[in-house]
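Have a look at the structure below, then the notes.
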């Protein structure tokens, strides 16, 4: 599905930009602890941007798979929840936002499970 290719590319671009911003714009402005939190958000955003590329590729092989569509939206939602909450947490220091991060992690896990199911069904 082209949409997941586009979302993957946008998220990869954002991860590069946010990584550079963290390294150059936030250094010395937030604590080392929160800079590490920011870096974790960037890492997971990039990993899952690549995951969106995988989903786009698989969608071309299995165009009728609603599970791949679910995997794509779940992975994108995971990026927003996981990485987004870490970005806001690291710049605001509002610790309650840390409670949102695991929801993004669960979304990531679900999206990968959906991909496993699609692959297993195709054997």
Exercise. What number goes with the only condition from (1) in contact with a strand residue (DSSP E or B) (Cβ under 9 Å, 6 or more places away or on another chain); (2) surrounded by fewer than 21 Cβ atoms within 10 Å (Cβ to Cβ) that residue 90 does not pass?
Worked result: (2)
Exercise. Among the residues of the stretch 93-123, which ones are closer than 20 Å to residue 40 by Cβ, modelled with pLDDT under 95 and exposed (fewer than 14 other Cβ atoms within 10 Å of the Cβ)?
Worked result: 93, 94, 95, 96, 98, 99
For this session: Go through the stretch 64-90 and count every residue that is over 13 Å from the mean Cα position of the chain (by Cα) and either without any contact (Cβ under 8 Å) to a residue 12 or more places away in the chain or part of a helix (DSSP H, G or I) (or both).
Result: 9
Problem set entry | residue 34 vs. criteria in a helix (DSSP H, G or I), in contact (Cβ under 8 Å) with a residue 12 or more places away in the chain, surrounded by fewer than 20 Cβ atoms within 10 Å (Cβ to Cβ) and on the phi < 0 side of the Ramachandran plot | yes
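The values are calculated or read from the model by the stated rules, or taken from the named source; none is laboratory data. A quick note: this is a predicted structure, and the numbers were derived from the prediction, not measured. Virtual Cβ from ideal backbone geometry, glycine too; neighbours counted across all protein chains shown.
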